[in-house]
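Novice: Quick one: the structure is below, and I'll ask about it shortly.
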Amino acid sequence: MTWSGTGTGTGLGSPAAVICGLGTAVPDTVVANEDICAHLAGVTPDWIASRTGITHRVRAGRHVSTADLAVQAGARALASCESTAVDVLVLATVTPDHRLPATAPEVAARLGLPGIPAFDLSAACTGLLYALGVAGTFLVTGTARQVLVVAADRLAHLTDPTDPATAPLFGDAAAALLLRRGTAGEPGALGPVLLGADGRHADALVVPHGGLMRMRGPETFHHAVTRMSEVSQQAVQAAGWSLADLDRFVPHQANARITAAVGRRLHLDEPRVLQHIERVGNTSAASIALTLATASADGRLRPGHRVLMAAFGAGLTWGAATVLWPGLNPPAHQVGSSPRQEKEAAR
């Protein structure tokens, strides 16, 4: 287990990374369980819903790139706050648009931020938390004043439509958080970010070169529940909180059964465990911030709530962090228009 550079402690006045902006991008194509079952012999819509908690998932069109989603989410995060200055951009993705170059410099340029450091980070579904750890290092050390973290993935096109283990799971989306240098204890301040990885089990969830995703479901389920439960308890302790102090738990939305299992291990009652998988599917690195945005908009997440975030992904990777939720007012994501449509409309 390693610590990020998000702070030297949890005492008031210590430097910290502070969330000050939030934006999302959700494609408008919705794929129902009935559509998924058309390619899966013997699988019913109710079986998918009972095993995953998913009834629909969102999918990007063939002409919508990862950069398109990332730009839309990043623009909305910048629009949701007063200051739009950005010193560094970190893009968490496992679906870059090219093997070379990285996608982040294009995203920065399209956001009107040419010249700043911009780079991709690959940690699968834990990508947002890894990126928050990196962003915190820039901010706490004073290297940057504001960092834009974007998580964007298009995993649906890497799944085999005839594979019941992966075909029902994945959706496409992006979400972005703008962070500024601030102090521990203020609204939006991140606690220490705890991260880990174990490559001994890398083949439990893998996309081979030129191939489609393969997952050993029961093994992945076991590792996800175990690692997220452990790192969640450690992150809460590192923040100087207890599990009883938590108002909301926002796990990576991998599978509703995983979320419920982790919630039980942490002894959290159902209202404190936020889910947003039913209508969008597993949106990989974007899922935590997408859940934060949705819960903030519908009132389940309110300013002052003590929030725990945790994730698990291929690699294997995992991580957790706490945040005192600020009074953000992010622009609502527009489900009815794709990034490509918005870009064309702006011309």
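The values are calculated or read from the model by the stated rules, or taken from the named source; none is laboratory data. As the structure is a computational prediction, the values presented were derived from the model and not from experiment. No Cβ is skipped: glycine too gets one built from the backbone with ideal geometry, and neighbour counts run over all protein chains shown.
Novice: Just wondering, is there one or more residues in the stretch 270-280 that are in contact with a Phe, Trp or Tyr (Cβ under 6 Å, 6 or more places away or on another chain), in a helix (DSSP H, G or I) and crowded, with 17+ Cβ neighbours inside 10 Å?
Specialist: Taking every residue of the stretch 270-280 in turn, at least one turns out to be in contact with a Phe, Trp or Tyr (Cβ under 6 Å, 6 or more places away or on another chain), in a helix (DSSP H, G or I) and crowded, with 17+ Cβ neighbours inside 10 Å.
Novice: If you don't mind, another one. Just one of THR183, THR162, THR166 is surrounded by 20 or more Cβ atoms within 10 Å (Cβ to Cβ) and of a type in the set (S, T, N, Q); which is it?
Specialist: Step by step, each of THR183, THR162, THR166 is checked, and only THR166 is surrounded by 20 or more Cβ atoms within 10 Å (Cβ to Cβ) and of a type in the set (S, T, N, Q).
Novice: Something else about it: Any residue at all in the stretch 157-173 that is at pLDDT below 95, in contact with a Phe, Trp or Tyr (Cβ under 7 Å, 6 or more places away or on another chain) and within 26 Å of ASP35 (Cα to Cα)?
Specialist: Yes, the stretch 157-173 contains a residue that is at pLDDT below 95, in contact with a Phe, Trp or Tyr (Cβ under 7 Å, 6 or more places away or on another chain) and within 26 Å of ASP35 (Cα to Cα).
Novice: Among GLU82, GLU106, which is the only one that is at pLDDT 95 or above and either of a type outside the set (Ser, Thr, Tyr) or in a strand (DSSP E or B) (or both)?
Specialist: GLU106
Novice: Here are some residues: LEU316, LEU328. Which one is within 20 Å of MET228 (Cα to Cα) and either touching a strand residue (DSSP E or B) at 6+ places or on another chain (Cβ under 9 Å) or modelled with pLDDT of 85 or more (or both)?
Specialist: Within the list LEU316, LEU328, the selection yields LEU316.
Novice: Right, next: Can we say ALA297 is outside the structural domain of THR159 (by TED's automatic domain parsing), crowded, with 24+ Cβ neighbours inside 10 Å and over 24 Å from ILE36 (Cβ atoms)?
Specialist: no
Novice: Restricting attention to the stretch 111-130, and to residues there that are part of a loop (DSSP other than H, G, I, E, B) and of a type outside the set (Gly, Ala, Ser), which single residue is surrounded by the fewest Cβ atoms within 10 Å (Cβ to Cβ)?
Specialist: PRO114
Novice: Residues of the stretch 64-79 being hydroxyl-bearing (Ser, Thr, Tyr) and part of a loop (DSSP other than H, G, I, E, B), which ones?
Specialist: SER65
Novice: Working carefully through the options VAL94, VAL140, find the one that is aliphatic (A, V, I, L, M) and either in the same structural domain as ALA320 (by TED's automatic domain parsing) or farther than 24 Å from HIS209 by Cα (or both).
Specialist: Result: VAL140 is the single residue among VAL94, VAL140 that is aliphatic (A, V, I, L, M) and either in the same structural domain as ALA320 (by TED's automatic domain parsing) or farther than 24 Å from HIS209 by Cα (or both).
Novice: Check ASP153 against each of (1) modelled with pLDDT of 95 or more; (2) surrounded by fewer than 24 Cβ atoms within 10 Å (Cβ to Cβ); (3) acidic (Asp, Glu) and name the one condition it does not meet.
Specialist: (2)
Novice: Among the numbered conditions (1) over 22 Å from THR55 (Cα atoms); (2) free of Cβ contacts under 8 Å to residues at least 60 places away in the same chain; (3) under 20 Å from the mean Cα position of the chain (by Cα), tell me where PHE221 comes up short.
Specialist: (1)
Novice: Out of (1) under 14 Å from MET228 (Cβ atoms); (2) of a type outside the set (S, T, N, Q); (3) touching an Asp or Glu at 6+ places or on another chain (Cβ under 9 Å), the odd one out for GLY304 is which?
Specialist: Going through the list (1) under 14 Å from MET228 (Cβ atoms); (2) of a type outside the set (S, T, N, Q); (3) touching an Asp or Glu at 6+ places or on another chain (Cβ under 9 Å), GLY304 breaks only (1).
So that you can scan it fast, the table gives a plain yes or no per residue for (1) closer than 30 Å to LEU40 by Cβ; (2) free of Cβ contacts under 8 Å to residues at least 12 places away in the same chain; (3) not assigned by TED's automatic domain parsing to the domain that holds SER122:
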site	(1), (2), (3)
ARG154	yes, no, no
ASP163	yes, no, no
ASP198	no, no, yes
GLY211	yes, yes, yes
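Novice: Then there's this: Given (1) modelled with pLDDT of 95 or more; (2) in contact with a strand residue (DSSP E or B) (Cβ under 6 Å, 6 or more places away or on another chain); (3) not charged (D, E, K, R), where does ALA67 come up short, assuming only one miss?
Specialist: (2)
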